[in-house]
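The values are calculated or read from the model by the stated rules, or taken from the named source; none is laboratory data. Bear in mind that the values here come from a model prediction, so they are computed numbers and not experimental data. Note: ideal-geometry Cβ built from the backbone for every residue, glycine included; neighbour counts use all protein chains shown. Note: areas computed on protein heavy atoms with side chains; ligands, DNA, RNA excluded. Shrake-Rupley method; radii C 1.70, N 1.55, O 1.52, S 1.80 Å.
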Amino acid sequence: METELLSPDEAGLQKAAELIRTGQVVGMPTETVYGLAADATNSGAVEKVFAAKGRPMDNPLIVHISSMQELGQVARQVPEPVQALAEAFWPGPLTMIMPKADRIPPETSGGLDTVGVRMPAHPVAQELIRRSGVPIAAPSANRSGYPSPTTAQHVLADMQGRIPAILDGGTCSCGLESTVVAFDDDETVRILRPGFVTKEMMMEHVPRVVIDPAIFREVSAGERVASPGMKYKHYAPNAAVTLVEGPAELFRQFLALQQAEGVYALIFDADAEQFPYPHMTYGGTSIEQGRQLFARLRELDQIGAKTVYVRMPQKDGVGLAVYNRLIRAAGFDIVHLAPRI
Ligand code: TXA
Ligand code: MG
């Protein structure tokens, strides 16, 4: 199969919607990352998504809607905090997990009785959902385990020959996947995956927000977790990634000792001027880092990096999302540098 790049114009959208309606898989831009879109109500279509990605079948897909009316078609019951969070953050990078309606087959939900629902903000995603006339299941459009795609070219690199078409909606503005939340009770929102919608932002709209501790640690394959995605290797380029915590000067001294063929540093913009070793930068603020991280990891593979030492991002606000992706990309290989005393 040849994979066609479609412009998000009348003809491209028409073609993509037709593919979705006939049970095919289409690369879809969203404001977070590109997704592999399929009719969420069609188990055969959803199986093609799992096959194209090489994704374990027990890892559920997020279902994307374009209006609040569609929420009732995908959810059996809507937890109390959903209304307030939807008003504040939809359309946008927030996925909320709720009891699933029968219309969503077990293939989509990875066999769970719940479904993660998101209303994306990207106009091309919204238009594709509207024209398809069905809720759209879409995981990130990367090969399973690899960094998520933030351009149509990234999707093509991973999915060439595996899907019929990709809608090109430009570069994703967030660059990291949506915040995923579940509801412990009517009062408590639990963050299962941090993203651009932060704990602090949600606290302004709901009584209680907790961060699931599994966000910070390695989860073993047999362990029971709130979100199946936590179990799997994620976001990792082919190069070996090590996350390095410590001030800029110590980082530079550490890199001096690591110099060898294929060793690169991934540092902040502000560090770059005086940095004498092979490197790339990934922004300054947490928002810039979120936007650039996955693209940089892919570029590092392309230039032949074998080992990448990444300067530790901030861990608060949106930085928590950057940190969460990086500790997994690094397989929890973290070095702490401390000055000699
Ligand atoms: O920004 C995003 O969320 C992107 C775009 C395409 O919308 N999608 C995305 O999907 O990142 P994916 O499949 O790569 O990540 C979804 C995560 C997985 O870790 C999955 O385990 C979790 O959400 N998830 C989905 N449905 C769930 C459910 N019912 N219960 C628990 N976790 C769920
Ligand atoms: Mg993913």
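Name the long-range amide H neighbours of Ile166: under 5 Å, sequence gap of 5 or more, or other chain; modelled H, no Pro or chain starts.
Counting only residues 5 or more places away or on other chains, the set is Glu4, Leu5, Leu6, Gly27.
What number comes out for accessible area per residue over the range 240-336 if the probe is 1.4 Å? Units Å², please.
Ligands and nucleic acids excluded, the result is 42 Å² per residue.
Given an 8 Å cut-off on Cα distances and at least 6 residues of separation, report the relative contact order of the chain as a percent.
So the answer I get is 19 percent.
Provide the per-residue ³J(HN,Hα) series for the range 22-31, in order, calculated from phi with Karplus coefficients 6.51, -1.76, 1.60 and θ = phi - 60°, each as a whole number of Hz, with x at glycine and proline positions.
9, x, 9, 10, 10, x, 10, x, 9, 6
Could you compute the net charge surrounding Gln274? Neighbours are other residues with a C-beta less than 11 Å from the C-beta of Gln274; K and R count +1, D and E count -1.
For residues surrounding Gln274, the net value is -2.
Cα-based Rg of the range 299-341 per 2.2 N^0.38 Å, rounded to two decimals?
Ratio of Rg to 2.2 N^0.38 Å for the range 299-341: 1.38.
Let me make sure I get this right: for the range 91-150, a, b and c are the square roots of the gyration tensor eigenvalues over alpha carbons, sorted descending. Under 1.5 in a/c it's rounded, otherwise prolate if a/b > b/c, else oblate. Which is it?
Here the range 91-150 falls in the oblate category.
Return one whole number: the accessible area per residue of the range 4-180 in Å², for a 1.4 Å probe.
Normalised by residue count, the accessible surface of the range 4-180 is 33 Å².
With n ≥ 4 as the cut-off for DSSP H runs, can you work out [θ] at 222 nm for the chain, using -39500 (n - 2.57) per run divided by the number of residues, rounded to the nearest 500?
It comes out at -8500 deg cm²/dmol, rounded to the nearest 500.
Using a/c under 1.5 as the rounded threshold, could you call the range 170-262 rounded, prolate or oblate? The axes a ≥ b ≥ c are square roots of the C-alpha gyration tensor eigenvalues, and prolate needs a/b larger than b/c, oblate otherwise.
Prolate.
Show the residues, 5+ positions off or on another chain, whose built amide H is closer than 5 Å to the amide H of Thr281.
It is Ile267, by chain and number.
Could you run the Karplus curve 6.51 cos²θ - 1.76 cosθ + 1.60 with θ = phi - 60° over the range 203-217 and give me ³J(HN,Hα) per residue in whole Hz, x for Gly and Pro?
4, 6, 10, 9, x, 9, 10, 10, 9, 5, x, 5, 4, 9, 10
Two decimals, Cα atoms only, Kirkwood Rh: what is Rg/Rh over the range 33-188?
Dividing the radius of gyration by the Kirkwood radius yields 0.94.
Carbon and sulfur atoms: what percent of the 1.4 Å accessible area of the chain do they account for?
Of the solvent-accessible surface of the chain, carbon and sulfur hold 50 percent.
Would you mind checking which residues have amide H under 5 Å from Val180's amide H? H placed 1.01 Å from N; only 5 or more apart, or other chain.
Thr95, Leu192, Arg193
When the convex hull of the C-alpha atoms of the chain is computed, what volume per residue in Å³ does it have?
Enclosed volume per residue, from the Cα hull, is 135 Å³.
Can you tell me the equivalent ellipsoid semi-axes for the range 240-336? Use √(5λ) from the Cα gyration tensor, largest first, whole Å.
Square roots of five times the eigenvalues give 19, 15, 13 Å.
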